[in-house]
Ligand code: IMP
């Protein structure tokens, strides 16, 4: 059974309000550089930028975690780096979900080292009960309980990323 946790409409409504929140936080006329984390962040980025009226630019990064599912050391490998410099730019990291926080913690560190003007983070989903490191997330779409979720960019074994909603994965299949 496909158990929908967050509907397509709820996601779209929330993204509109996030975009408004983001735009209020930056001086008028300032450009925002969005850095999406692949692959999961692609859909959130695509919908977010389409409801933003500020000037935006964007870039993509791909990461892989070591020791996922075990006692992760928080070590993250950069599989694809950014194409352009972050120097003196307003950067927003766009992530699908923050779980333990290890990936984001590492990413924030390496991006802050590249001399941006500001770095903030937007995550569509947050599972605070799973957090093992304190990490700042400035814009959160939805706070959820400890479920493994798929859809809207999130996968299980590379599947379900195309769902327009967020669903709870039951028994690794049944979607
Ligand atoms: P963290 O480093 O533990 O915060 O993990 C973040 C990454 O784990 C996310 O960017 C996702 O790729 C993946 N992840 C964590 N929870 C889920 C989930 O419920 N469904 C799908 N992927 C998840």
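Values as computed for the structure displayed
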{"item": "DSSP-defined antiparallel bridges as percent of all bridges, the chain, nearest 5", "result": "35"}
{"item": "Two-decimal log10 I(q)/I(0) for the chain, as the Debye equation yields it once each C-alpha is a single scatterer, q = 0.20 Å⁻¹", "result": "-1.49"}
{"item": "DSSP-defined beta bridges in the stretch 85-161 - what % are antiparallel, rounded to 5", "result": "15"}
{"item": "Listed residues 78, 119, 37, most fluctuating in the chain (Gaussian network, C-alpha, under 10 Å)", "result": "78"}
{"item": "The chain: calculated mean residue ellipticity at 222 nm from DSSP helix runs of at least 4, using -39500 (n - 2.57)", "result": "-6500 deg cm²/dmol"}
{"item": "GNM top mover of 161, 114, 89 - the chain, alpha-carbon springs below 10 Å", "result": "114"}
{"item": "The stretch 80-175 - Kirkwood radius from inverse mean 1/r over Cα pairs (Å)", "result": "14.6"}
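Every number here is computed from the coordinates shown, using simple stated rules; none is lab data. As the structure is a computational prediction, the values presented were derived from the model and not from experiment.
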